[in-house]
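Have a look at the structure below, then the notes.
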Amino acid sequence: EMPAVETAAVGVFADCGARDEPGHLNGLAHIFEHMVFKGAGARSARELNEAIEDVGGELNACTERHATLYPSAVMAQHVPLAVDLLADLVLRPHLDAAELEREKDVVLQELAEVMDTPSDLIFDELWAAAFVDQPLGRSILGDEASIRRITAADLHDWRDQRYRAGDLIVAAAGKVSHGQLVDLASKHFGDVRPGKGSGSAR
């Protein structure tokens, strides 16, 4: 809690990333992170953007090898909206098959940009050299074949298996009450099925 400020950073952090993917679906965690913004809950992609932008907030995501991060930043009074949006993104994404095919082209363009940027590519090469034939040695983005292979069913399975209670952390900093955040987390995440981390939401 930081009462002296007027804003809050709120995030959902999932204990899954590129290292958790099956090898033939390398890039799955990253594609999932992209796809949640294409519509979630009762909102379309445009409605998600408008909901956060109408209050001057930000909503983002990032895939790492060990985790997937969904951070937001809002004025303090909009913390409930931020948690609502984040819950929809990670628990109720639409994961439309036609939208997935379009988004694959976006990710393949990202991959091409990395391949053309030595300062980016060198880090993937370092991970591959340090963790030979291990999940940590694979690229976060995947490769063209693995990206093309991913289906909407794979995305649904990833969410169902990886986005569970004990595998998700809701955290905030700024002008936010701990009690309020616990109540919001219980409201939006309280019925999530237990995962490998624990038997209940944290």
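Values computed for the structure shown
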| quantity | calculated |
| --- | --- |
| Search result, residues across the range 125-182 that are open to solvent by 20 Å² or more (accessible area, probe 1.4 Å), farther than 30 Å from Val74 by Cα and not in a helix (DSSP H, G or I) | Phe131, Val132, Asp133, Gln134, Arg138, Ser139, Asp143, Thr151 |
| Of all residues in the range 87-102 being surrounded by 17 or more Cβ atoms within 10 Å (Cβ to Cβ) and part of a helix (DSSP H, G or I), the one that is farthest from the chain's Cα centre (by Cα) | Leu100 |
| Given (1) under 16 Å from Ile150 (Cα atoms); (2) small (Gly, Ala, Ser); (3) surrounded by 15 or more Cβ atoms within 10 Å (Cβ to Cβ), number of the condition Gly39 does not satisfy | (1) |
| Enumeration of residues in the range 106-124 that are within 13 Å of Met35 (Cβ to Cβ) and either free of Cβ contacts under 8 Å to residues at least 24 places away in the same chain or surrounded by 13 or more Cβ atoms within 10 Å (Cβ to Cβ) (or both) | Val107 |
| From Ser186, Ser119, Ser146, Ser139, residue being closer than 23 Å to Pro80 by Cα and of a type in the set (Gly, Ala, Ser) | Ser186 |
| Selection status of Ala153, at pLDDT 95 or above and touching a helix residue (DSSP H, G or I) at 6+ places or on another chain (Cβ under 9 Å) | yes |
| Residues within the range 49-92 that are polar (S, T, N, Q) and without any contact (Cβ under 8 Å) to a residue 40 or more places away in the chain, tallied | 3 |
| Which listed residue is of a type in the set (Gly, Ala, Ser), on the phi > 0 side of the Ramachandran plot and modelled with pLDDT of 95 or more, from Gly166, Gly137, Gly179, Gly174 | Gly174 |
| Residues within the range 1-26 that are open to solvent by 50 Å² or more (accessible area, probe 1.4 Å) and either in a helix (DSSP H, G or I) or at pLDDT below 95 (or both), tallied | 3 |
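The values are calculated or read from the model by the stated rules, or taken from the named source; none is laboratory data. Since we're looking at a predicted model, the values are computed, not measured. In this analysis, Cβ positions are derived from the backbone assuming ideal geometry, glycine residues included, and neighbour counts consider all displayed protein chains. These area figures cover heavy atoms from the full protein model, side chains too; ligands, DNA and RNA do not enter into them. Shrake-Rupley method; radii C 1.70, N 1.55, O 1.52, S 1.80 Å.
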